[in-house]
Amino acid sequence: LDQLNMCMDAKHHKVEPGPEGALHRQCAPWRENACCTANTSEEAHNDNSYLYYFNWNHCGAMSSKCKQHLIQDTCFYECSPHLGPWIQSADENWRKERILNVPLCKEDCEQWWEDCKDDFTCKTNWHKGWDWSSGINKCPAGSHCRKWTDVYATPKSMCEQIWSNSYLYTTLTKDSGRCMQLWFTGPNPNKKVAEYYLNTAQRGQSFPVTTLLFLTATSFFVTIF
Ligand SMILES: Nc1nc(=O)c2nc(CNc3ccc(C(=O)N[C@@H](CCC(=O)O)C(=O)O)cc3)cnc2[nH]1
């Protein structure tokens, strides 16, 4: 299993990543290597698409500047081949695996929140608790549409809560090479980021043990001599 080049076992993901020459518009940056098919990338741009029948317009029409971030999130979620370090098993009937705490670059989270400021929603977590009786998600009884900024006071609360902690808000900037980018052009910058987190996670296992051994040995000799 190559954790740096893999697809999660979810609803629409390919089994293995690979080139997809015909990815649609906002998903085009993943053309060289993708977990999404051309069909998935095209659907990502449609309202109430067959991907999840998800209705962006559940509190009136969503602004196009806000919607472009949700489309980009869909491309990132469906197409990214470098999410291995954050893939976890999911206890959900519509997917076997999910992503958890993917460290998102500050700029992408903040621009998303800024562009949605004038929009409305009735729920903080968009994964659960909708009224699906019409076939698409509507606001559940008892909820009400509120200003985006009343539902999400900060970019952090939006990025982390909207998809059940898929994302972790960070203060890292794109140039740090230590956060994942939803928006990029050219070669996928997220591969190096995944590599970095995979290596630090592995070091996290053995480094403290080695350090402890060293400190124990040092204090032993200091005590003796
Ligand atoms: N970044 C990111 N992470 C994600 O996990 C993600 N997930 C989706 C999928 N969205 C959804 C939203 C609602 C339901 C849904 O059917 N919700 C039901 C509960 C289903 C269940 O868990 O049993 C509901 O109660 O509303 C499914 C998929 C889209 N973009 C994402 N983007």
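All conditions in (1) within 12 Å of the chain's Cα centre (by Cα); (2) more than 9 Å from the ligand (Cβ to nearest atom) hold for Trp163, with the sole exception of (2). Give the residue, chosen from Trp112, Trp126, Trp132, that is exposed (fewer than 13 other Cβ atoms within 10 Å of the Cβ) and within 13 Å of the ligand (Cβ to nearest atom). Going through Trp112, Trp126, Trp132 in turn, the sole match is Trp132. Residues in the stretch 55-68 that are within 15 Å of the ligand (Cβ to nearest atom) and either surrounded by fewer than 16 Cβ atoms within 10 Å (Cβ to Cβ) or in a loop (DSSP other than H, G, I, E, B) (or both): Asn55, Trp56, Asn57, Met62. Inside the stretch 149-159, residues that are surrounded by fewer than 19 Cβ atoms within 10 Å (Cβ to Cβ) and in contact with an Asp or Glu (Cβ under 7 Å, 6 or more places away or on another chain) make up a count of 0.
On the basis of being of a type in the set (Phe, Trp, Tyr) and in contact with an Asp or Glu (Cβ under 8 Å, 6 or more places away or on another chain), does Tyr167 make the cut? Judged against the criteria, Tyr167 is a match. The C-beta contact set for the stretch 137-164 (first residue within 22 Å of Leu100 (Cβ to Cβ) and free of Cβ contacts under 8 Å to residues at least 24 places away in the same chain, second residue hydroxyl-bearing (Ser, Thr, Tyr) and away from the ligand (no atom under 12 Å from the Cβ), distance under 9 angstrom, 6+ apart or interchain) comprises Glu160/Tyr169. Residue check: Met6 meets all listed conditions (1) under 16 Å from the mean Cα position of the chain (by Cα); (2) within 16 Å of the ligand (Cβ to nearest atom); (3) crowded, with 16+ Cβ neighbours inside 10 Å but one, namely (2). Summed over the stretch 9-34, residues that are of a type in the set (S, T, N, Q) and either more than 19 Å from the chain's Cα centre (by Cα) or surrounded by fewer than 19 Cβ atoms within 10 Å (Cβ to Cβ) (or both) total 1. Leu213 passes every criterion in (1) of a type in the set (A, V, I, L, M); (2) over 15 Å from Trp112 (Cα atoms); (3) modelled with pLDDT of 95 or more apart from (3).
When the residues of the stretch 69-109 are filtered to those that are within 11 Å of the ligand (Cβ to nearest atom), acidic (Asp, Glu) and over 17 Å from Asn33 (Cβ atoms), the one that is surrounded by the fewest Cβ atoms within 10 Å (Cβ to Cβ) is Asp91.
Every residue, every condition in (1) touching a residue at least 40 places away in the same chain (Cβ under 8 Å); (2) of a type in the set (Asp, Glu); (3) assigned to a helix (DSSP H, G or I), yes or no:
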position: Glu16; (1), (2), (3): no, yes, no
position: Gln26; (1), (2), (3): yes, no, yes
position: Tyr50; (1), (2), (3): no, no, no
position: Tyr53; (1), (2), (3): yes, no, no
position: Pro85; (1), (2), (3): yes, no, yes
position: Ser89; (1), (2), (3): no, no, no
position: Asp108; (1), (2), (3): yes, yes, yes
position: Gln111; (1), (2), (3): yes, no, yes
position: Asp118; (1), (2), (3): yes, yes, no
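Table: residues versus (1) assigned to a helix (DSSP H, G or I); (2) at positive phi; (3) modelled with pLDDT of 95 or more; (4) among the small types (Gly, Ala, Ser).
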site	(1), (2), (3), (4)
Gly129	no, yes, yes, yes
Thr149	yes, no, yes, no
Ala153	no, no, yes, yes
Trp163	no, no, yes, no
Lys192	yes, no, yes, no
Thr200	yes, no, no, no
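The values are calculated or read from the model by the stated rules, or taken from the named source; none is laboratory data. None of the values given here were measured: they were computed from a predicted structure. As a convention, Cβ positions derive from the backbone with ideal geometry for all residues, glycine included, and neighbour counts pool all protein chains shown.
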